[in-house]
Amino acid sequence: MPRWGAAAIVGGLLAWTALATPLNVAVGEYLAYYDPQSDPQRLEYHRDLAVHVYTAGHWFGQLVAAVTGAWLVTRSGVYRPATAVRAVLTGVVLGVGNEMVAIAAGIRAMRTHGYPSVAPDPTMLSDHAVLWCSGASLACFPLWALIGTAIGQLVRRGALLTTVVTIVFQPATFILTVGLAAPPSSHPLAVAVIADAGPAAMVMPAILLGWAAVAMASAILVNRHRISRGRRSTS
């Protein structure tokens, strides 16, 4: 992938994040607290809206992080710790950039939608539940990048097939189940589940961390097997 290609992907992700804000507002309004009546209920509604607005683009961004991790491995040809570290750092950068755009695009939406009149902070950027949810979602970026490197090592049938496998794997982890069987991503429904969870929102990246560890261990074992098989074939 040429450098301009990588820049185009990142630029496209950030542009999509900004453009996706109205969509996330609509999704947040649909999934938020049903028919709020009292001020506490309205505040909960506003909080639910905030977690969707401030995770705009996260699901697609995590997919980009996973594909990037797979691409780094297919490009280098060998699964090295340095490649995994580069993938993690790339995931962190993608997550931070994604969140900065989501916040910049979402502040105005939070002041004009929901129930800002009942919130001490209409933007909800100081709300602990919103911060925990956003932090949990951001933690998934480098973890998806790690899983992407493992997929890139395990598939090893060309960049195109690796990308397809990564794209299928990421949404499938939510479609199957939100639980131990498969790690939830920052799909809007997953976000709705943990909107008011507080520190318990970290269960999402904790599950994903376990899957990343399994995927990396599998990739390392496969890499060692291929190296030993190559040595036997040349001896």
Quick one: Karplus J couplings for region 84-99, per residue in order, coefficients 6.51, -1.76, 1.60, θ = phi - 60°, nearest Hz, x for Gly and Pro?
-> 5, 5, 4, 5, 4, 4, 5, x, 5, 4, 4, x, 5, x, 4, 5
Using mean Cβ contacts within 10 Å as the protection proxy, how do 33-42, 145-154 order, highest first?
-> 145-154, 33-42
In order over region 66-74: 3J(HN,Hα) from phi, Karplus 6.51/-1.76/1.60, θ = phi - 60°, whole Hz, x for each Gly or Pro, gives 5, 5, 4, x, 5, 5, 4, 6, 5
Largest-first ranking of Ser134, Ser76 by accessible area, probe 1.4 Å, whole protein assembly kept, is Ser76, Ser134
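The values are calculated or read from the model by the stated rules, or taken from the named source; none is laboratory data. No experiment lies behind these values; they were computed from the predicted model shown. Please note: Cβ atoms are built from the backbone with ideal geometry, for glycine as well, and neighbour counts cover all protein chains shown. When the accessible area is computed, the model is the full protein with side chains, heavy atoms only, and any ligands, DNA or RNA have been set aside. Shrake-Rupley method; radii C 1.70, N 1.55, O 1.52, S 1.80 Å.
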